[in-house]
Amino acid sequence: MKLVGIVGNNYSGSHNRMLLKFMQQRYASQVELSLLETKPLPMFNQDDEDHPTQTVVDFRAAIAAADAVIIATPEHNHSIPAVLKNALDWCSRVEHPLAGKKVMIVGAALGPLGTVRAQGHLRQILDSMSIAAHVMPGNEFLLAHAMNAFDANGRLTDQKDIEFLDTCMTNFIKFVEA
């Protein structure tokens, strides 16, 4: 099964990138997970939607070619980061690579609630008519206190977090295969 994981922010020390890389390694025997960065995408502009940059073309093509998508979002001011919204905007006009695509949302944040608000907003955005993704219900992986959640090698350290992520991933694979 071929998946893409969208890194929902552009911070070089992103815990969400770390989470996706952990998932990439942990589930390598079950899925092929490639990471997509949002940082190189230009700001969406309707004036450019009919002739996007090669970066946008490649980003949308990677999503279209995947069997499913995992989006890892941090929480910025109770919502998703602007760079993630920008990436989704590029996927909502002219070409719609997320339409009907099965999506799992995960998120890591520094606070005690993880990314609960950002994930709620992201679900609303993905449900919009212009994006029309098929988001896996439930199984919300909300990693709180992310600055303490990984070891020096980028591995999650809390066994309960790992077990819940395993459950979410198992359920996502079944969701995609259904």
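The values are calculated or read from the model by the stated rules, or taken from the named source; none is laboratory data. Small disclaimer: the values here were computed from a predicted structure and weren't measured. Cβ coordinates were reconstructed from backbone atoms using ideal geometry, including for glycine residues, and neighbour counts include every protein chain displayed.
In segment 1-37, which residue that is under 13 Å from the mean Cα position of the chain (by Cα) and in a loop (DSSP other than H, G, I, E, B) is surrounded by the fewest Cβ atoms within 10 Å (Cβ to Cβ)?
Going through the qualifying residues, I end up with 10.
Which one of 60, 93, 117, 123 is within 17 Å of residue 146 (Cβ to Cβ) and of a type outside the set (Ser, Thr, Tyr)?
When all the criteria are applied, what remains is 117.
Can residue 52 be described as part of a loop (DSSP other than H, G, I, E, B), in contact with a strand residue (DSSP E or B) (Cβ under 7 Å, 6 or more places away or on another chain) and buried (at least 17 other Cβ atoms within 10 Å of the Cβ)?
Answer is no for this residue.
If we keep just the residues of segment 133-178 that are within 16 Å of the chain's Cα centre (by Cα) and on the phi > 0 side of the Ramachandran plot, which is surrounded by the most Cβ atoms within 10 Å (Cβ to Cβ)?
Top of the filtered list is 139.
Looking only at segment 145-157, how many residues end up being touching a helix residue (DSSP H, G or I) at 6+ places or on another chain (Cβ under 9 Å) and free of Cβ contacts under 8 Å to residues at least 60 places away in the same chain?
Of the residues in segment 145-157, 1 are touching a helix residue (DSSP H, G or I) at 6+ places or on another chain (Cβ under 9 Å) and free of Cβ contacts under 8 Å to residues at least 60 places away in the same chain.
Each row is one residue, and each column tells you yes or no for (1) under 15 Å from residue 70 (Cβ atoms); (2) of a type in the set (Phe, Trp, Tyr); (3) modelled with pLDDT of 95 or more.
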| site | (1), (2), (3) |
| --- | --- |
| 88 | yes, no, yes |
| 98 | yes, no, yes |
| 101 | yes, no, yes |
| 111 | no, no, no |
| 119 | yes, no, yes |
| 128 | no, no, yes |
| 134 | yes, no, yes |
| 140 | yes, no, no |
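Quick check on residue 166: is it farther than 23 Å from residue 67 by Cα, in contact with a Phe, Trp or Tyr (Cβ under 9 Å, 6 or more places away or on another chain) and either in a helix (DSSP H, G or I) or free of Cβ contacts under 8 Å to residues at least 12 places away in the same chain (or both)?
Here the answer is no, as residue 166 does not meet what is asked.
Mind listing whichever residues of segment 55-68 are touching a residue at least 60 places away in the same chain (Cβ under 8 Å), in contact with a Leu (Cβ under 7 Å, 6 or more places away or on another chain) and not in a loop (DSSP other than H, G, I, E, B)?
68
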